[in-house]
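Working notes, beginning with the structure itself.
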Amino acid sequence: MKRPYFLALAILTLIGASLQCSAANLTFAGTSDPNSGRGVLGKHRDNLGLNKIIADKQLRITGLDRWNSRVVRWFTPADDSVQSFEATMGLSNPFIRMALHYQGSESAVYTLDGDSFEGGSNLDRLYIGPMRDYMTWTLRLPMRDDLQYHGKRTLNEHEYFTFFLASGDLNDPATDHYRIYLDARNLEVRLIHFTLRELADSYSGWIHYSDYRSVNGIRIPFLISIQEEPTISVAQEQEYVHRIEVQSARWIEMDQK
């Protein structure tokens, strides 16, 4: 760990509370339209091959986590502005085993399985858990039965089919919110506006997905940009917090952790 845990968490809490609290509620105005949403989601799942996902498979990804924000990286186990990693993740269960490869030293391995975390501190867990989500949300969220459809909307002159999802009861302040934006042209998940209540109670951010490629018939984004704003441009030119560049992806058997 780079800094004493409680000091780092206290500073991060102050940063999150002062900068992000106004974006904590992501519910859309108006009521959802479940009937229209089923048709859009059905086409989306077919186009991206999501119906081919086998429950007993895990996704193994190797890539780079490239940081543009020194302030945020200061609170993670990432020592360098560019980290290589290998991650094995479950889709039907909350599992990730992630190895971060440091320059000039041995790799650090972290395992998060539900509430069980091994390999580091709770602050490290707050990095590993979201990394799993960023890399698997395009596969997991559209398969949920409780997605709320909110029609076609325009954001930054682009048209999207929009969905909302809450992780729990909306009256619970610990419930996370997700706005999911499907590109109206090809039905790919292009943006997810999310909250991370566990991080400073009200942290909110945007994820931009691009460069979709087929992995055994299932389309997966190979470029994932975590941002503070919903900028729509070439991902390499965005002002990102950090960016995940997938180098390889494959499906493996569940017991190969």
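Read-outs throughout are calculated quantities, based only on the coordinates presented, and are distinct from any laboratory measurement. Since the model is a prediction, treat every value here as computed from it, not as a measurement. Here Cβ is always computed from backbone atoms with ideal geometry, including for glycine, and neighbour counts include all displayed protein chains.
Annotations for the structure displayed:
- Extension gain, Ser107 to Arg144, is 9.8 nm, computed as 0.36 nm per intervening residue step minus the present C-alpha separation.
- Working from label points 7 Å from Cα in the Cα-to-Cβ sense, the Ser248 to Ser116 distance is 2.9 nm.
- By the beta-carbon count within 10 Å of each Cβ, the least crowded to most crowded order of Met135, Met254, Met98, fewest first, is Met254, Met135, Met98.
- Loop GluC sites (Glu not before Pro), the stretch 153-216, which have at most 10 other Cβ atoms in a 10 Å radius of their Cβ (DSSP): Glu157
- Eligible aspartates and glutamates near Lys57 by straight Cα distance, threshold 20 Å, same-chain separation 8 or greater: Asp46, Glu86, Asp113, Asp133, Glu253, Asp255
- Two-site FRET efficiency, Asp79 against Leu26, from Cβ-Cβ distance with R₀ of 35 Å, rounded to 0.05: 0.60
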